[in-house]
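Heads up: the structure comes next, in structure tokens.
The values are calculated or read from the model by the stated rules, or taken from the named source; none is laboratory data. These numbers come from a predicted model, not from an experiment. No Cβ is skipped: glycine too gets one built from the backbone with ideal geometry, and neighbour counts run over all protein chains shown. Ligands, DNA and RNA are stripped out before the accessible areas are found, and what is left, the full protein with its side chains, is counted by its heavy atoms. Shrake-Rupley method; radii C 1.70, N 1.55, O 1.52, S 1.80 Å.
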Amino acid sequence: MRNLDEVIAAQGEDYAQFDQQAKRSVAACASLAMSIKSVLDTPILDESGALADESGTLMRGFDGNPE
């Protein structure tokens, strides 16, 4: 996130004017934000206290293994 602040301070707020490195930094920050949102929105346990199916699916996705 600090890198995003530095990009905006150095290159302004017009994304179209950013150089490729700055655009990669923005993309990485957006990807991190989406990952955090996915984790926060995923239930960990089901009603019985067992590990929810969604948690396992999410973790396999982060490992790069869709199954």
Given (i) 13.3; (ii) 15.6; (iii) 14.2 as possible values of Kirkwood radius over Cα pairs in Å, the one from the coordinates is (iii)
With 0.36 nm assigned to each residue of separation and the Cα-Cα distance removed, Gln17 to Cys29 gains 2.5 nm
Taking Cα atoms, the helix 53-62 axis meets the longest principal axis of the chain at an angle in degrees (rounded to 10) of 40 degrees
Per the helix-only model, the chain has a calculated mean residue ellipticity at 222 nm (DSSP H runs of ≥4, -39500 (n - 2.57) each, divided over all residues, rounded to the nearest 500) of -20000 deg cm²/dmol
Relative to the chain, whose Cα atoms define the longest principal axis, helix 20-41 and its Cα axis are tilted in degrees, nearest 10, by 20 degrees
Computed over the chain, the relative contact order (Cα-Cα under 8 Å, seq sep at least six) in percent reads 19 percent
To the nearest 0.05, the calculated FRET efficiency linking Leu4 and Thr42 through their beta-carbon distance, R0 being 22 Å, is 0.35
For the chain, the accessible surface attributable to carbon and sulfur atoms (probe 1.4 angstrom, ligands and nucleic acids excluded) amounts in percent to 57 percent
